[in-house]
Amino acid sequence: MPTQTRDDGAAQAVHAAWRAESARLVGALVRMTRDVDLAEDLAQDALVAALEQWPASGVPDNPGAWLMTTAKRRGVDHVRRAETLRRKVVELEHAQGREGQEMPDLDAQVDHIEDDVLRLIFLTCHPALTPESRAALTLRLVGGLTTAEIARGFLAAESAVGQRISRAKRTLADARVQLDLPTGAERSDRLDDVMAVIYLIFNEGYAATAGEDWMRPELAHEAIRLARLLSSLAPEEPEVLGLQALCELQASRMPARLDDDGAPVLLEAQDRTRWDRTQLRSGLTALAAADRFAAGGTPVGRYFLQAAIAAQHARAETADATDWHRIAALYDVLADAAPGPVVDVNRAVAHGRANGPAVGLAILDLLPVDALPNSPLIPSVRGDLLERAGCDVEAAAAFSHAADLATNRTETAVLRSRAAAASGHR
């Protein structure tokens, strides 16, 4: 029994070290080897070595340094074994001084840790990849999740996710993607891609698009971890801080989004004493930091504004105390900064609460007829506004239409229930 306990403790320590250090480990190895596949293989080799050795030798005082040293050592062995790489080393030694012809130095001191991780995040969110591939590769290389964990999170087959990750890495290799940090306008554009991927992961965890579960907390929590990591690497970017704030403020409601029987609870009916106060405070702190940079003239955008909206809900002790006029005004600004049908639908909700359901319906009516054609969002919001306007028959029809479009089993049940309630049949 003592051996089993020690083995379990070592395995837990390996898992914790991997989740904490994998992004830095892979990022540094990518910088040193200039090869994503090789860097991941070396990191995985170090992980396997830790699983084999730590139960017997004990957990080292600095697990991250142990993993890095082991990975570097195996990288050096790999280079020495490969005849083709040795020839390349000779060629590069004779080509010193030529731009872009640096010899990989696996024995070099690992430094610039923050740049290594930031470089890795920008790499996994490269515009050559699809959003789905970016999300999977980010969770794999930056989040340290296994292929099986990613597949469970997105309700996809493990083989399909593995193929997606492999194709993404091939795409980066075939495109001869530069591994250096982008600068100037390219960096700004890529940062937006990075934030979009993190928010995509969060939204899939907060409100699952398919399957039976209303939420997938493990994905939401991983997105928050990535958002915090990005904030630590870009601490003066108000949009990055806004993204962290937005994710944390929304996630603070998750404990109240299901009742004791596991049934979903909508925002207005939630017991706000169940909201996670620690996460709420952390989100408000990140938003306050973003606000300070914004006050100094740094531009803000969709994440900062959405976080400011979420903060209005967070500060309201009851649903009736919500400042809907302020929220509607913020959505007006957001519609100018980041126009799109989802923003307009939420703007309709806000104005419907602040100025009456007729105003909200008028905003919905301005949307193109083909806006979000396969999403339940527009008909569900239309149903809510019609119900508030006393148009129960029309509301029931809208909720039924939304239920037909929904692909999440729990969301479908909620919409069917609202349709029945609006038509007088519970």
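Points to keep in mind about this one:
- Within segment 169-189, not a single residue is under 21 Å from R225 (Cα atoms) and part of a helix (DSSP H, G or I).
- Screening R253, R257, R225, R216 for residues that are outside the structural domain of L181 (by TED's automatic domain parsing) and touching a strand residue (DSSP E or B) at 6+ places or on another chain (Cβ under 8 Å) leaves exactly one candidate, R257.
- Looking only at segment 350-361, and only at residues there that are more than 17 Å from A311 (Cβ to Cβ), surrounded by 15 or more Cβ atoms within 10 Å (Cβ to Cβ) and among the hydrophobic types (A, V, I, L, M, F, W, C), the one that is nearest to the chain's Cα centre (by Cα): L361
Here is a yes/no grid of residues against (1) outside any helix (DSSP H, G or I); (2) over 19 Å from the mean Cα position of the chain (by Cα):
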residue	(1), (2)
Y199	no, no
G205	no, no
A208	yes, no
L219	no, no
E236	yes, yes
E239	no, no
G242	no, no
C247	no, no
A289	no, yes
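- Answer from V14, V26 - the residue that is within 23 Å of the chain's Cα centre (by Cα), assigned to a helix (DSSP H, G or I) and either surrounded by 15 or more Cβ atoms within 10 Å (Cβ to Cβ) or touching a residue at least 60 places away in the same chain (Cβ under 8 Å) (or both): V26
- A single member of A39, A46, A17 is farther than 30 Å from R176 by Cβ and modelled with pLDDT of 80 or more, and it is A17.
- G262 meets all of the listed conditions (1) under 28 Å from S232 (Cα atoms); (2) part of a loop (DSSP other than H, G, I, E, B) but one, namely (1).
- Listed by first and then second residue, the pairs with beta-carbon distance under 9 Å, at least 6 apart or on different chains, first residue in segment 129-157 and among the basic types (K, R), second crowded, with 24+ Cβ neighbours inside 10 Å and not in a helix (DSSP H, G or I), are R134/C125.
- Filter pass, V333 being in a helix (DSSP H, G or I), in contact with a Leu (Cβ under 7 Å, 6 or more places away or on another chain) and surrounded by fewer than 19 Cβ atoms within 10 Å (Cβ to Cβ): yes
- Residue among L229, L233, L241 that alone is within 24 Å of Q312 (Cβ to Cβ) and of a type in the set (A, V, I, L, M, F, W, C): L241
- Look at (1) under 28 Å from P217 (Cα atoms); (2) hydroxyl-bearing (S, T, Y); (3) modelled with pLDDT under 90 and you find that S188 fails only one, number (1).
- Tally, over segment 158-196, of residues that are free of Cβ contacts under 8 Å to residues at least 24 places away in the same chain and either β-branched (V, I, T) or at positive phi (or both): 3
- Filter result for the condition that a residue is touching a helix residue (DSSP H, G or I) at 6+ places or on another chain (Cβ under 7 Å), assigned to a helix (DSSP H, G or I) and either assigned by TED's automatic domain parsing to the domain that holds L367 or among the acidic types (D, E) (or both), over D320, D344: D344
- In segment 404-415, the count of residues that are part of a helix (DSSP H, G or I), of a type in the set (S, T, N, Q), touching a strand residue (DSSP E or B) at 6+ places or on another chain (Cβ under 8 Å) and buried (at least 18 other Cβ atoms within 10 Å of the Cβ) is one or more.
- On the stretch given as segment 163-178, residues that are over 19 Å from the mean Cα position of the chain (by Cα) and either within 23 Å of Y206 (Cβ to Cβ) or surrounded by fewer than 17 Cβ atoms within 10 Å (Cβ to Cβ) (or both) total 11.
- Criterion applied to A371, A422, A398 was being modelled with pLDDT of 95 or more and over 22 Å from M215 (Cα atoms), and the one residue passing it is A398.
- Filter pass, Y303 being part of a helix (DSSP H, G or I), over 22 Å from the mean Cα position of the chain (by Cα) and within 21 Å of D192 (Cα to Cα): no
The values are calculated or read from the model by the stated rules, or taken from the named source; none is laboratory data. Here the structure is a predicted model, which means the values were calculated and not measured. Cβ atoms come from the backbone with ideal geometry, glycine included; neighbour counts cover every protein chain shown.
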